[in-house]
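What follows draws every value from the coordinates through simple rules; no lab data is involved. This is a predicted model, so every value here is computed, not measured. As a convention, Cβ positions derive from the backbone with ideal geometry for all residues, glycine included, and neighbour counts pool all protein chains shown.
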Amino acid sequence: MSDESGRKILAGARLRRLRRELALSQTAMASELGISVSYLNLMERNQRPVTAQVLIRLAEVYDVDPRSFAREEELRAASELEEVFADPLFRAAPVPRTELREAADVAPSLVSAIQRLYRAYVETRESGEGGFSDNDRGEGIQRGEGGQGARENPVERVRDFLHAAYNHFPEIEDLAERMAGELAATGHELFYALSERLRERHGMRLQVLPVDVMSQALRRFDRHRKRIMISELVEPSGRTFQAAYQLAFIEANDMIDAIAARLDPTQGPMRRLLRITLGNYFAAALMMPYARFLQAAEALDYDVEVLSARFNASFEQVAHRLTTLARPTARGVPFFLVRVDNAGNVSKRFSSGSFPFSRFGGTCPRWNLHQTFRSPGRIVTQIVELPDGARWFSVARTVRRTASPWGEPEAQFVIGLGCELKYASRLVYSRGLDLKAYEPTPIGINCRLCERPNCSQRAAPPLLRTLQIDESIRGISPFDFEA
């Protein structure tokens, strides 16, 4: 079987891993799937693609998500592995790209372990722990006496956890949807209904207070006085979001904690950060209940600004919510989201698909996210093509977090929302575009991983290519390298 982009679904490693997890022999699994043992053997060795009929039987017999057998995870893992092995640390023993992709296909658990080890190495190197000096960057790991070892990056671990779940948590969705129905039944607008629920059921007061009282805080919870205080700088959609967030830790706390414990069984920073992330997830699901929101999104062709008006939510809240629509029986377009500031720093990234985000560094300057700052409030679209030939449809717009007092710089960001090009026809933003004839903009993951020649905006040479220096020639790019 091929997916919509024409690639065959070769999922031998995943099929073999599932069989071993279920403690089944090939004979037993073949019997339950209604296929021959020899055919199952060929699929496990990637000599035959997984057919649609087999995917359906896998879902029926073993209650697995058919998407987990697509090559999206392997492609993402291979991209991340290429990023790891682009580090100068491995320059003395380069690994061919074909071998990296084979490893991602055949040994995903090993790839995951390598990624975790490398993240720990980077954390130790950048924090100066473990006896690293500047000369150690390309020479290997030197651990000094008394070194504390590597610390895992909580932000990256939480992002990995969300990606593995396709940024979708059905238990939270179900509870939030039920609660949204109860709040809607009161007949009041959501912020007032939340305030009343907090007051009547939990004895808590919700107050919007002046900025001189709140100082630098946007929300503060006073446990002793049972007060939830929100700054007047927070816009109405943000006030509703903060009220729903606080309710999450009262009425959904046990559920949130159980999910967070899957990542970190201790009460460490990863667990606390994931709890906050899941509290935010609950708040968005309460403001935009799954079934009603998906129905509206489909009817409006995913017009983010109209959805914002309908659900009294901000552009960023709606865009983020669109990345969570992965319910097996009712899926939306699989979007990715990235938030960048005007210095190119990535402060948020989520995906229910397979967009290959870079773990280290910013984004490609040829991606029009950066030009969007020149047109505040205007939606800008673009079709981009990555080096592997994959094409994506991108929508970008500037946003701001809160109002800013006079004299203080306004924090401005760009939200990039995108999907694979094959889904673009379902979006209002593609109207009038000939998607098949449209010439895409070639971009890379970031400069050090991109090997496109003659790029006028290249900021660094690719790490896996030898830099060529010629005093007599000045090309389009300041960095020339061997092809």
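Fewest Cβ neighbours within 10 Å first, please rank D470, D174 accordingly.
D470, D174
Given all pairs of different Cα atoms, what value in angstroms does the Kirkwood hydrodynamic radius of the range 384-483 take?
One over the average 1/r among Cα pairs gives 16.9 Å for the range 384-483.
Give the peptides 182-191, 48-57 in descending order of average Cβ contacts within 10 Å, highest first.
My ranking of the peptides, most packed first, is 48-57, 182-191.
³J(HN,Hα) across the range 381-387 via Karplus (A = 6.51, B = -1.76, C = 1.60, θ = phi - 60°), whole Hz, x for Gly/Pro?
Taking θ as phi minus 60°, the curve returns 10, 6, 9, 10, 10, 7, x Hz for the range 381-387.
Could you pull out every residue, at least 5 positions away or on a different chain, whose amide H is within less than 5 Å of the one on K348? Hs are placed 1.01 Å off N in the peptide plane, and Pro or chain starts have none.
It is R339, by chain and number.
Quick one: Karplus J couplings for the range 167-182, per residue in order, coefficients 6.51, -1.76, 1.60, θ = phi - 60°, nearest Hz, x for Gly and Pro?
Taking θ as phi minus 60°, the curve returns 6, 9, 10, x, 5, 5, 4, 5, 5, 4, 5, 5, 5, 4, x, 5 Hz for the range 167-182.
Of all beta bridges DSSP finds with both residues in the range 170-287, what is the antiparallel percent, to the nearest 5?
45 percent
For R458, which sequence-distant residues (separation of 5 or more, or a different chain) have an amide H within less than 5 Å of its own amide H, given hydrogens modelled in the peptide plane?
Amide H neighbours of R458: none.
Can you figure out the FRET efficiency of H188 with V213, using R₀ = 30 Å and their beta-carbon distance, to the nearest 0.05? Mind showing how you got there, number by number?
On the way: r = 26 Å, r/R0 = 0.87.
After rounding to 0.05, the efficiency reads 0.70.
To the nearest 20 debye, what is the magnitude of the charge dipole of the range 372-483 about its Cα centre, counting +1 on the Cβ of each Lys and Arg and -1 on the Cβ of each Asp and Glu?
Numbers: 15 positive and 12 negative charges, 125 e Å.
Value, rounded to 20: 600 debye.
Quick one: which residues, 5+ away or cross-chain, put their amide H under 5 Å from the amide H of Q382? H built at 1.01 Å from N.
S394
Computed FRET efficiency, Cβ-Cβ of R201 and Q53, R0 60 Å: what is it to the nearest 0.05?
Working: r = 50 Å, r/R0 = 0.84.
Given R0 = 60 Å and the Cβ-Cβ separation, E is 0.75.
If you add up the charges near Y281, with Lys and Arg at +1 and Asp and Glu at -1, over every other residue whose beta carbon is less than 10 angstrom from its beta carbon, what do you get?
Counting the neighbours of Y281, the net charge comes to 0.
Along the Cα→Cβ direction, 7 angstrom out, place labels at E305 and D434. What is the inter-label distance in nm?
Result for the modelled spin labels: 2.7 nm.
Summing +1 for each Lys or Arg and -1 for each Asp or Glu, what net charge is found among the other residues whose Cβ lies under 11 Å from the Cβ of L198?
Charge balance near L198 sits at +3.
Could you go through the range 219-236 in sequence order and give the Karplus-derived ³J(HN,Hα) for each residue, using 6.51 cos²θ - 1.76 cosθ + 1.60 with θ = phi - 60°, rounded to whole Hz, and x for Gly and Pro?
Going residue by residue, I get 9, 9, 10, 9, 5, 5, 8, 6, 10, 10, 10, 10, 5, 5, 6, 6, 5, x Hz, with x marking Gly and Pro.
Per the Kirkwood formula on distinct C-alpha pairs, the Rh of the range 12-70 is how many angstrom?
Taking every pair of different Cα atoms in the range 12-70, averaging 1/r and inverting gives 11.2 Å.
Select from the range 400-483 those chymotrypsin sites (Phe, Trp or Tyr not before Pro) which occupy a DSSP coil region and have at most 10 other Cβ atoms within 10 Å, ordered by residue number. Show your work: numbers first, answer last.
Values: sites: W406, F413, Y423, Y429, Y438, F479, F481; in loops: W406, Y438, F479.
Taking the range 400-483 and a limit of 10 other Cβ atoms within 10 Å, the loop chymotrypsin sites (Phe, Trp or Tyr not before Pro) found are W406.
Count neighbours as other Cβ atoms within 10 Å of each site's Cβ, and list the trypsin sites (Lys or Arg not before Pro) in the range 329-421 that are DSSP loop with at most 15 such neighbours.
Hits after loop and neighbour filter: R378.
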